[in-house]
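The values are calculated or read from the model by the stated rules, or taken from the named source; none is laboratory data. Owing to the predicted nature of the structure, the values given are computational and were not obtained by experimental measurement. We place every Cβ from the backbone using ideal geometry, glycine too, and count neighbours over all the protein chains shown.
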Amino acid sequence: MFFKKRLQKKMIGASLLIGLAICLIQFYQIINNYLLYGMGAAHVLNDSPYSNWIGIDSFNFSPILFFLLIPIIASIPAATLLRQDINNQFILQLKIRKSLKQIIWSYAGVAFITGFIVIMIPLLINFSSYFFILPNIKPDDMINANLAIINKNTLLVSLYYTHPFWHAMIAIIVTSLWGGLFSLFTFATSLFIKNKFVALSSGLMLQIVLLLVNSIIKFPKLGSYAPFDFLKETNNADVNLSTVAVVTFIMIIVSLSLIKWGGKRSVVK
């Protein structure tokens, strides 16, 4: 009930609006191609929701923008809520009723959940929208060769061709999970950074830094370790399932450690 009252609907709405706007722009770009060039027999055979939704689209700028901005979109609703309550001294009222540990981890849990949800909703809407205009047919590695969906750039590529719906669902869940992790990381950095706007940008800065480092220090056999490169269903970089799992685990450990460290240093007094 407390967080239901504390969460700002405007911030949640703004976050969802950004994500939905980008996803709808991507949807419009695809639909506009059909309006311009028509829906011929070749399109009926080649195109499906599984070959056009934002997680698979490699031909438009909107998917790049969405997956790059995931840290910001996910962090807007609640990642800096505790920092705001520290700055305005509202935290002192909470400490009367709850321990510092309970307060911090409660805020952290809300930050993760909201980050997960505001990323999942736009992706689900974008993906489901295509079922209203395109046939629900399985992709074919020969017919859809132009998409270049292969083992190097797509995780579990065999599942994509046998059960594309569940492959897309896994991609959405993994991306949403990282939305929650970026929000959790932003929350953790807000324990050390007093300016909530600087803290809010920390997840995006991490995203950019990892991209830059990955472009300089590469491990060809391990694939990319930058989230931007492996969160799409199919990517413009080499990906490896083990690398994704390790990077995800490291992100969890780093975020939780920063939160615990922030509490131990008595940032909240």
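Side notes on the structure shown:
- Flag if Leu181 is among the aliphatic types (A, V, I, L, M), crowded, with 16+ Cβ neighbours inside 10 Å and over 14 Å from the mean Cα position of the chain (by Cα): no
- Listed by first and then second residue, the pairs linking a residue in the stretch 159-176 that is more than 17 Å from Asp57 (Cβ to Cβ) to a residue that is assigned to a helix (DSSP H, G or I), with Cβ atoms under 6 Å apart and 6 or more places separating them unless they lie on different chains, are Leu159/His167; Ser176/Phe116; Ser176/Ile119; Ser176/Met120.
- On inspection, Asn126 passes the criterion of being modelled with pLDDT of 90 or more and in contact with a Cys (Cβ under 6 Å, 6 or more places away or on another chain).
- Residue within the stretch 111-123 that is over 12 Å from the mean Cα position of the chain (by Cα), crowded, with 21+ Cβ neighbours inside 10 Å and modelled with pLDDT under 90 present: no
- Which listed residue, of Lys221, Lys138, is under 17 Å from Val246 (Cα atoms), basic (Lys, Arg) and at pLDDT below 90: Lys221
- Each residue in the stretch 217-251 was checked for being under 19 Å from Met120 (Cα atoms) and among the polar types (S, T, N, Q), and 3 pass.
- The listed residue being modelled with pLDDT under 80, surrounded by fewer than 16 Cβ atoms within 10 Å (Cβ to Cβ) and either of a type outside the set (Asp, Glu) or touching a Lys or Arg at 6+ places or on another chain (Cβ under 6 Å) (or both), out of Leu94, Leu17, Leu7: Leu7
- Unmet criterion (only one of (1) surrounded by fewer than 15 Cβ atoms within 10 Å (Cβ to Cβ); (2) at pLDDT below 90) for Tyr34: (1)
- Cross-chain or 6+ apart pairs with Cβ under 7 Å, the stretch 13-30 first and farther than 18 Å from Gly179 by Cβ, then part of a helix (DSSP H, G or I): Ile25/Ser62; Phe27/Asn126; Phe27/Ser129; Gln29/Ser62
- Restricted to helices (runs of 4 or more DSSP H) entirely inside the stretch 42-133, those with at least 1 residues that are farther than 30 Å from Ile193 by Cα and in contact (Cβ under 8 Å) with a residue 24 or more places away in the chain are 61-68, 100-129.
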